[in-house]
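The numbers here are math on the coordinates, done by the rules we state, and not lab data. It should be emphasised that the depicted structure is a prediction, and the values quoted were computed from it without experimental measurement.
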């Protein structure tokens, strides 16, 4: 079934993308949540017209995201965590703590846009995170977990 996404969905697509999904996924999950609509001929025409009108605004958003990405690449981000004497963290560091550390540096980045590359962050050290600022702009950020 062809659908039009109303918002970004991980592993599926971005807002205003036309994608093919199975009928059950669309009818039981996407439509009831209101995150997608059926891609009829009229809906596609409306989408095409809206995209033409928004092209200039989208370009400005992409340029702004690229500027944030350029300034983020040079930043040193340190996340403080309570640790044992051996360097093990009590719990783990998640994208929530990383988002807080980045926001303290003066950037306004939502935690949902951050994904930590490693599976678990449970020790002191350096790690990688991928930040999706825009559909076309992604930046890899190196952060360090330090003991508080």
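Dividing the convex hull volume of the alpha-carbon atoms in region 1-73 by its residue count gives 95 Å³ per residue. Distance from the C-alpha centroid of region 9-26 to that of region 91-134: 26 Å, rounded to the whole angstrom. Picking from 41, 78, 57, which is most flexible by a Gaussian network model of the chain using Cα springs under 10 Å? The residue with the greatest mean-square fluctuation here is 41. What the Cα convex hull of region 41-83 gives, in volume per residue, is 118 Å³.
Considering only alpha-carbon pairs that sit under 8 angstrom and 6 or more positions apart, the relative contact order computed for region 70-147 is 35 percent.
Considering only alpha-carbon pairs that sit under 8 angstrom and 6 or more positions apart, the relative contact order computed for the chain is 20 percent. Helix 41-72 and the long axis of the chain differ in direction by around 20°, with both axes built from C-alpha atoms.
Helix 95-104 and the longest principal axis of the Cα set of the chain meet at an angle near 80°.
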